[in-house]
Structures are given as structure tokens and as C-alpha cells.
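Here's the structure we're looking at; comments come further down.
The values are calculated or read from the model by the stated rules, or taken from the named source; none is laboratory data. Quantities reported herein were computed from a predicted structural model and do not represent experimental measurements. With ideal geometry, Cβ positions are generated from the backbone for all residues, glycine too; neighbour counts draw on all protein chains shown.
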Amino acid sequence: MNKRIDAPAFRNSDFLSGGGEMAELIAASDWSQTPLGPIESWPQSLRTTVSLCLASNFPINIIWGPHYNQIYNDGYRVMCGAAHPQSLGEPYDVTWASAWPAIGDPFHQARAGATSFLDNQRMFLFRNGYLEEAFFTFSLSPIRDESGGVGGVFLPVIETTASTLSERRTRLLRDLNARLGEARTTAEVYARAIETFAEHPFDLPFVLLYEAGPDAETYRLVGHVGLAAETAGAPAVLSSAPGEPWPVAALCETREPILLEDVSARLGGAPCGPYEEPPAIGLAFPIFVPGSPRPTALLIAGASPRLPFDAPYRDFHSLLAAALAAGLANAKTFEEERRRAEMLAALDQAKTAFFSNVSHEFRTPLTLMLGPIEDALDEAAGLPLAQRERLDVAHRNAQRLLKLVNSLLDFSRVEAGRIQGRFEPTDLGALTAELASNFRSACERAGLALVVDCEPSMALVHVDRNMWEKVVLNLISNAFKFTLEGQITVALRTVAGLGAGAEAVELTVSDTGLGIAEAELPRVFERFHRIEGQKGRTHEGTGIGLALVDELVKLHGGAVGVRSRLGQGSTFQVTIPRGTAHLPPERLSAAGVPASTTVQASAYVAEALRWLPDADLQGHEATEATAPIDGQPRVVLADDNADMRGYVKRLLEDGGYQVEAVANGQAALAAVQRGPPPDLVLSDVMMPELDGFGLLAALRADPAQEGLLVILLSARAGEEARVEGLAAGADDYLVKPFSARELRARVDGAVKLARQRREAAKREQDLGARLVAEQGKAALRQTQQQLEFALDAGRLGSWEFDVASGMFSSSAHARAIFGLGPDDPFERLEDVVARVHPDDRERRQAAIDRTLSTGEDFEIEYRTLKPDGRIGWILARGRAAFEDGSAVRLAGISLDITARKSAEQRQQLLLDEVDHRAKNTLASVQSIAMQTLRHAEHPSTFTTAFVERIQALARAHELLTEASWQGAALADVIDRTLKVHAPPGSGARVSLSGPAVRLGPNAAVTLNMAFHELATNAIKYGALSTPDGRVDVEWTADAGAITINWRESGGPKVAVPSRRGFGSRLIEQALAREMDGEARLVFLSEGLWCHLRLPLSAKLSLVT
């Protein structure tokens, strides 16, 4: 329906007014050629409905009459796409034939008088040149006409395609990420991805997944959906060779996704996707995982042929690729972690087997060591005391080594599952009390209270006595090791078990010791785990004691736990059930004869006793260091093992050294700092409180200990350990075990070197002191010269005021700043004050007084009076010097800032001028906007007129800017306005004549706006709207005024307007008021005449 009718039809159709573009199109269309007939014949019910439709911003379609002709508003027009404007007036079932399966029945129901509502209805529309999947929410309601029947259907509708597609794709991505997050292998990733893609064929008509092959050139198909495998578009193997359906080489080279715009040709006619037509567009993605030099996989996905391939659709494909890459990366990480865990488990098993074998191998030489030593001790009555002590040391440490070997063997057997318990009914209270009592003497020597509280008359409990002894002894030994004061409590109680009526036995070992940090509690029972930096009686230990306790308790069907607070102590709790149901029947045994606990407990107690400080050194270490012996080198020895301390101390004292032995690094540091400087520090590496490396760092950080020799002793063998020690700053690193001769040789050489260093350092220090003194003098002279140069280069004057004498001294540049010469008086405070501007003297003196009283920095800007009467500006900064709490001097510098102050004043004047002009311009724009809006008949006419007037104002400002806002020539103002508005080739029809007249800025803007209105009117309605019309502008000067005449001729016949518009008001009222003159508009039939008479003034003047 393309035929249009004349404009009068629009004026007769008042019900269409205010309906936007569709109202104009409806009014301009020839409806007489449609079943609806001319607009004038439309029934009132249709007119009313159409009026409501056009006035609404909501998309609405009116379907009227037996032929279902459509009338719709601007909102619905957008939904029609390319079907508009043909769809206007066209039968509804013709325009939307492709969607009729979805909307036909609801439409006929509405025609029958029933309302239908459909939410997110899916349909296919042929509105943009292809069949498009779309979603709409709409209702179909009957419209009653004057007869009471259904004259038409009211169809408000909103398109929900974007939101529905977004929700559908978001659901796909959510499901994909969730499923891939659970995948543990790459094969599972591919399978889950294809499973998810298959559930969404409308967005993904086909998807192909290719995995990198064993060589660097091929990829094999591992998943496909929507397209059969081994077809032209889905070969089983892809290579980078030419002729393949998908660009493998480009994907590997560019590492970026590739848009495929010829997908249908690549598919070779194979069936694809849910629709009859194949996809035309697709995307190919290279999928990378970290650490892979080439794509791990290739993702090729088709785009629906019934959806626009827009930015959201492309982003959706990119998110699919990103999710697949993340899934593959997670699966790869999981597979690597699984392989690593399997490898670690194998290593762990090998380590356990190694420990078991080594422990077995240790037992034979230990037996051969302990047997002869014990025989020698039994026959040692006639041996010298020193020999007897050496045998005792060897016996104790062989026993300690046997205990360690037994623990390692027990632990390895537990882990290997080869340990078998022998569970017999036992008086657990008596056994536990007996085991704990073995530690009483050690606790008394350490100043600790040992409380044993075992429930008496406790019924017999099935335990393996040997295992239970190790549990109790390890827990008490651990408590003793980390409790430095207070008490250790061992308690045994019967408690409720897990089952109904069940009972259990609970052992608790509590202490008031150092406690365990909360973050370390979960790892307490891990094998070989040791808490870094933990204090205690010793740093010795393997880290398997508590882990062994945990395993032995589990063999009894029990559990072990710990509660601890740092600095308050710990409680270890062991719970084992009563009865035998939890134990292997074949491992149960009748009660036997209880064996003595003394043998096994003695090894634990002996070890604990060696953690205590030496009895003969306890009082000595707490006092001042032993006075040095002349000629004897002093050595500070630190080791937490008492036997090692005694052994090394004896070796060195036999060699003529004075040795102070301490138990840890903190005590060694105190010994070094409180006594005369030692010749050597000999320290173990692993010690409580402060280890060897910590001691070394503290000594190297202390300037007073510069040059002190440090030798580290350690059981950590190997080149790496030695390099680590030397890199930390040690002078030597001695690995245990070492021989007496090796130790003496290392210490003798180190001490000799230390003394040579000390003598050389003394000589160097004396020489250095003299050199520093000379360098200091030279540096002071150079600094003074540099300061003078800097002050002169920075044009800074220096000065100093003596508070007591009131005298003022200043540099030559400081005098020059005040405009004074070298002979002008400027030595007393009064001389300086005389040169300060009277208005600034009080403020300057207040700043000086504040600095002298509070000590805060002096800083002030003030004016000065120069001898020639000129006023200058000075920035002064200074600082007061104090003695005994009183200010004695004020010294500082001065800078001449007269030029800066002048620049600031000029800048402020410029800012004021800019502010004034901006406000005037904004006021002009506001006035133009208000007046234009008041006289505009339609918003579109307002926009055009407003823009033209603002451009006219801009031209005036441009003209004034070229003249630095000093004014403009009248001829230039008129000429620029007419050149902009006059039609091409109309120059001969415009004439300007008159003397040179200069306009002030405001006058130039006002006259520019007036001539803009005259020129605009002449082009639209006046002389310049016809080929034969012309405009003559003439101005003359006479009797103190300028007369300007604008005359139009040869244009359309002019009639007097019924009302005055914006231009008329601007000329006759605003211009006359602004220029204090007279302005008249005369509407002659042959053309408009504008007469202006403006008095000469500052705003308007003749150029002579």
C-alpha cells in the first residue's frame, strides 16, 4: 500500500495527531484501496483504538476487519523489520504466515471473542530476509465495534528473543562448567562436553571436538554432535595439509579463533542440525592448556541458520571454548597430581622399606657396641675417673641410638602392616602409674611437679603391654621436653564409649609448657613433622614419636587427640575401648606375668636427663662470665646435647682453651655480649630457642662483634649443607661425627687466624681514623663550597639572626633581593624591619615569634620596600636553633618571588574575564533556548531553530575571538551571516554599503543574532526564497547615530503576520533595549523593511 494522499487528509484526521512517524505514514497512505476504506469512513471504534495504539510507547498492532488488515504504532514497527512498510494495511496472516502455526489458534480465539495470553512464545518469522527464530510475550484481545460484534483484535506484544536466548545460553554454560568441573580425565572432559552440547541443538547445530594426535601434525575426532562422523565435514583425522575441511594450520599458527563463513560448502551436503537448512557460519577455536606448545584440542561449532550471528552469539561461542580449555586444564592437573601421588606413595613405601632394613642392620653393630661397653663398665672399678666418664658417655649414646633404631623399626613395621599386637588383660592403672613414676627424678631435677592420677581398682583392659609402654613414655617424654616450668599431669579414667552402654579408657598427659600454635595442631601426628622455631629443652628428635603413638593407639582400636594453647600448655588424650570386640581374635592372649618397665623406661629417662643443663654449670651460666685467664684463648661453645657439650669442652680445655659451654644459641649470644670478646664461637646448628644460623645472623648483625670467628657443628652432612653454612657467614663448617684431632686442628687454626685478624684490624682502625678525620675536613670544605654555589645558582639569599644581640647577618644576594648594596645598613633587626612593607610587618614578626617559641619551621611570604620606592615580594624560610630549651638563632634563606606574584595577579585577571564571558554566553544560550521553545510549533522545529541560533552565536564569538574580543566591524558581522544563509550563486542578489563602523563585543553579538533572524526569514519565506528576489543592506551616519536599513524586494508577496515570533521580538525589543536605540519591522507587500537607528556610543562608533 504505497500510494499517498495529499496533506489535507492529515489535517482532517485529528485522531492521528501525536502518534509519531507511524501516524504520519497512516495519514499519508491511501486507505481507499484497502478493505478498510478511506480514513474518513473508519468507524469511531477503530479511530479510538488506533488513537490509543499510536499514543502508546508499548508495541501494539491493531488487526481490523474480515481481511485482518494491520495498523500498528512506532514500537511495533521495529519488530516488523524488513517487512515494514509493506506490512502496514497488509493482512495479518500474510505478513506473519511463517509464525501462523504458533499464533493462528490464539488469533482465531480472539476473533471469536476470547482473550489469549502467550508468554515467551517461540516462533519463526520471515522478517529480515531469512527464517528467524524469535520469542514473544503477547496477548490477543477482541475489539468490539459499534454493532457489539468483534470488529478487530488488539495485540500488545513485547519481543523477548534476546533475554530468552541469553537465559538458554547461560543455562548451557552453567551446565557445561558444572559437568567439566567434575571431570577427572581428558576423555571424560570430551564426553561431558559433547553430552552437554547435544542438549542444545538450537544454539549449536553441530559441534566437533578434535584432540591432538601423537605427532605434531594431526588431530583425531574425539566427539561430535549434530553431524555424523567420517563425513566430509567430520573426518576421523585432521591434518594441517591443504584440502582439509577445517583450517588446522591457521589455528595452530594464529592461536586465535577463526570465523568460518562457508560452512555449508565444507559440510558437503551432509545432514546437520535440527533445521532443514544447513548452517552457513561457524567458528573454529584452538584450545590451549598451560604448558602446551600447540593446541591441545580443536573446537569447531556451527551457528544456527535461524539466528543472527551477532556479538552476543560470538561471545557465547568464545565462552564455550574458554570453559572447555578450563576443563582440560583441570583434568590435566588432576591427572598429573594423581601420577605424582602414585609416585610419592611408591617413594614412601620404598623409604619405609629402607628404614626397616637399615634399622635391622643397625642392631648387630649396636649389640657389639653395647655388650663390650657394659662389660667394661662392670669391671671399671679400677679405672681412672676420666676413663669411667668416657665409658658412661659411650654407653648412654649407644642406648639412645638403640632407642632411635627401635622407634624407626616399630614405625616402619606399623606402616608396612607387619606389626602384630599381643593383647592381654592388664591392670592399666598400675602399669601407667609405674611408667610415669620413672620420670619423677628427672622432673624433680628440672624443677617440675609430676602428678600421677590413675583410677584405682580399674577393671582389666586388653592392651599390648609393650605398645602401651611406648605410648605412655613417648607422651611423658614429649611433655618433659617442652615444659620448662610448672607441672606434668598423667591421668587415667574410665569414660563412656561410642556405643550404648559401652565403656572406654582415657589417658591424658597434660603439661603447663610452651603450647602449640593453632595452625600446627592438625599436623602434630604427622610423621617427621617438626614445628619450626619451637622452643624446648632441646632441638633433638626425629619427629616420629607422636606419629608412632597415633599408629599404636589405632592398633588398639582407639584414637588420640590434642588440645593446646600457645604459652599455656598442651593436653594429649588417648582413648581405647574396653572389651575385645574391636581386637583381632587371633591376637588375644591370657594374662601373663607382668614384666618390669624399668628397662624400656630407662632409655627415655636417661635421654631426658641429658636435656637438663649440666649441674656444675647451672649456677655459673646465670652469673657473669668467668674472668679471662692471661694467654688462654676464650671459646664460647653452644650445644643442646649435654654429652656433646662435655666432650667438646674437655677436648678444648685439654688444649689450653678457656671454654664457656651453654645449651642454646640465646645463651651463647648472651655469653658473647656480657664477657670479654671471645676468640671463637663454636655452635651446633639445631638447638632450641635460637639455632646456630640464628646465632650466626645475630653476631654478624652486631657491629661490636665484627670479625668474630664462628664455626658451626652439625649432623647434616653433604656439600649442600656445608655451602649453606658458609654462605650464611660461618668461617668453617664441621660435620659430625668428627675426630678429636680434626676438631683441635680446626679450632687451633681458627683462633690463630682470629688473633691475626684482630691485630690487623687494630692497625687498620687507627689508620682509618686518621684518614676519616682528613676526609671529613675536606668534605666539610667541599660541602661549604657546594652550598654557596647552590644558593647562588638558585638565586637564594642566606641570612642569620642572633636572638640575644639582635644582630642580623646576610649574604650579598640576600641584600640584593631587598634592593640594597654592600654599603647600605642592614646589620640590625631595625634595618631589616624598615625594608618590610608596613602592612606586613606585624604578620612577619608574629611568624618569627612563633618559630622562636614553638620550634616550628619559619615560612612566610611578605612585601618589601626597595630604595627606589618599588614594591617586591619575598619568600622566607628558616629554622630556629635551641640551647637549653631557648632559641638562640634563627637562620634561613630568602627568594625573590616578585615575578611570580605579578604572574599570579595577571592570571587572576584572566580568570575573572573568562568567568564573566562564560556566564554571559550561558545566559545568552539560556535565553535563546527559552524563547525558541516558547515559539516552536513542534519539537523538530525547535531543534532546527535552536541549533541554527546557537551556530549564529558561535560565529559572533569566532569573529570576536579573532579580534581578541576588542570588537568587530559592522560589515563583517552582516557579511558572515549572509554568506552562511544565502543560497549558492545568490551573491549578486545581496548588497552591503555604508561607512566603517566598529561594534563593541555585546553589540556585535546582538546585531549578529538580529541579522541571523532576518537572513533565515528571507531564505525561508522572503526575497531569497525565489530566484528573482534580492536584499539590500545600507547604513549611514548622521546626527550622532547610525541608521541601518534592511530592504527585501522581488520575493513573494508579504502579509502582516498575525503574531510576533522570536525574531520579531529579538529585533524590536531586545536589540532596541540593548543598543538604546530604535528598531522597526515594516511588512510591505513588495518585501520586508527593517529600520534600525542606533546612537553612537562605546558600543557602536565610527572608524575615522
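Just to be sure before I move on: is Ala769 within 52 Å of the chain's Cα centre (by Cα) and of a type in the set (Gly, Ala, Ser) in the structure I sent?
Spelling it out, it is not the case that Ala769 is within 52 Å of the chain's Cα centre (by Cα) and of a type in the set (Gly, Ala, Ser).
Anything in region 218-231 that is outside any strand (DSSP E or B) and either touching a residue at least 24 places away in the same chain (Cβ under 8 Å) or polar (S, T, N, Q) (or both)? List them, or say none. Result: Gly226, Leu227, Ala228. Considering each residue of region 446-462 in turn, at least one proves to be in a helix (DSSP H, G or I), in the same structural domain as Gly569 (by TED's automatic domain parsing) and within 23 Å of Asp640 (Cβ to Cβ).
Yes/no matrix, rows are residues, columns are (1) within 20 Å of Ala162 (Cβ to Cβ); (2) touching a Leu at 6+ places or on another chain (Cβ under 7 Å):
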| site | (1), (2) |
| --- | --- |
| Tyr92 | no, no |
| Ala110 | no, yes |
| Gln121 | yes, no |
| Arg127 | yes, no |
| Glu133 | yes, yes |
| Pro142 | no, no |
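Is one or more of the residues making up region 284-293 in contact with a Phe, Trp or Tyr (Cβ under 8 Å, 6 or more places away or on another chain), at pLDDT 90 or above and either closer than 26 Å to Gly243 by Cα or not β-branched (Val, Ile, Thr) (or both)? Yes; the residues of region 284-293 include at least one that is in contact with a Phe, Trp or Tyr (Cβ under 8 Å, 6 or more places away or on another chain), at pLDDT 90 or above and either closer than 26 Å to Gly243 by Cα or not β-branched (Val, Ile, Thr) (or both). In this structure, Val1054 does satisfy being at negative phi, part of a loop (DSSP other than H, G, I, E, B) and either among the hydrophobic types (A, V, I, L, M, F, W, C) or outside the structural domain of Ala1098 (by TED's automatic domain parsing) (or both). For region 212-254, the tally of residues that are on the phi > 0 side of the Ramachandran plot, exposed (fewer than 14 other Cβ atoms within 10 Å of the Cβ) and among the small types (Gly, Ala, Ser) stands at 1. Within region 255-275, being assigned to a loop (DSSP other than H, G, I, E, B), surrounded by fewer than 16 Cβ atoms within 10 Å (Cβ to Cβ) and at pLDDT 90 or above holds for Glu256, Pro274. Within the span defined as region 1084-1100, every residue fails to be out of contact with any Gly (no Cβ under 8 Å at 6 or more places or on another chain) and either among the β-branched types (Val, Ile, Thr) or not assigned by TED's automatic domain parsing to the domain that holds Leu1024 (or both). Each residue in region 63-85 was checked for being in contact (Cβ under 8 Å) with a residue 60 or more places away in the chain and among the small types (Gly, Ala, Ser), and 1 of them qualify. For region 591-613, a tally of residues being surrounded by 15 or more Cβ atoms within 10 Å (Cβ to Cβ) and at pLDDT 60 or above returns 13. Strands (runs of 3 or more DSSP E) fully within region 102-193 that include at least 1 residues being free of Cβ contacts under 8 Å to residues at least 40 places away in the same chain and among the acidic types (Asp, Glu): 116-126.
If you scan region 559-590, which residues turn out to be exposed (fewer than 14 other Cβ atoms within 10 Å of the Cβ), of a type in the set (A, V, I, L, M, F, W, C) and in contact with a strand residue (DSSP E or B) (Cβ under 9 Å, 6 or more places away or on another chain)? Scanning region 559-590 gives a single hit, Ala590. Among all residues of region 843-852, there is at least one that is among the hydroxyl-bearing types (Ser, Thr, Tyr) and either farther than 12 Å from Ser894 by Cα or outside any strand (DSSP E or B) (or both). State which residue is farthest from Asp802 (Cα to Cα) when the search covers only region 879-891 and only residues that are in contact (Cβ under 8 Å) with a residue 60 or more places away in the chain and buried (at least 16 other Cβ atoms within 10 Å of the Cβ). Across region 879-891, the extreme among qualifying residues is Ala887. Only one of the listed residues (Leu820, Leu875) is closer than 24 Å to Ala887 by Cβ, in contact (Cβ under 8 Å) with a residue 12 or more places away in the chain and assigned by TED's automatic domain parsing to the domain that holds Asp802. That residue is Leu875. Could you check, for region 158-166, whether at least one of its residues is crowded, with 17+ Cβ neighbours inside 10 Å and within 27 Å of Arg339 (Cβ to Cβ)? Within region 158-166 (the criterion being crowded, with 17+ Cβ neighbours inside 10 Å and within 27 Å of Arg339 (Cβ to Cβ)), the answer is no, since none of the residues qualifies.
Could you go through region 19-35 and let me know if any residue there is out of contact with any His (no Cβ under 7 Å at 6 or more places or on another chain), free of Cβ contacts under 8 Å to residues at least 60 places away in the same chain and closer than 16 Å to Val153 by Cα. No.
Scanning region 972-1003 for residues that are at pLDDT 80 or above, part of a loop (DSSP other than H, G, I, E, B) and touching a helix residue (DSSP H, G or I) at 6+ places or on another chain (Cβ under 8 Å) gives Gly994, Ala996. Here is the figure for region 43-101: residues that are among the hydrophobic types (A, V, I, L, M, F, W, C), assigned to a helix (DSSP H, G or I) and crowded, with 18+ Cβ neighbours inside 10 Å total 8.
Listed here are the residues, each with its yes/no results for (1) free of Cβ contacts under 8 Å to residues at least 24 places away in the same chain; (2) in contact with a Lys or Arg (Cβ under 8 Å, 6 or more places away or on another chain).
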{"residue": "Leu690", "(1), (2)": "no, no"}
{"residue": "Ala698", "(1), (2)": "no, no"}
{"residue": "Ala715", "(1), (2)": "no, yes"}
{"residue": "Arg744", "(1), (2)": "no, no"}
{"residue": "Val751", "(1), (2)": "no, no"}
{"residue": "Arg755", "(1), (2)": "no, no"}
{"residue": "Gln765", "(1), (2)": "yes, no"}
{"residue": "Arg781", "(1), (2)": "yes, no"}
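Residues that are touching a strand residue (DSSP E or B) at 6+ places or on another chain (Cβ under 6 Å) and outside any strand (DSSP E or B) within region 232-249 comprise Ala236, Glu244, Trp246, Pro247, Val248, listed in sequence order.
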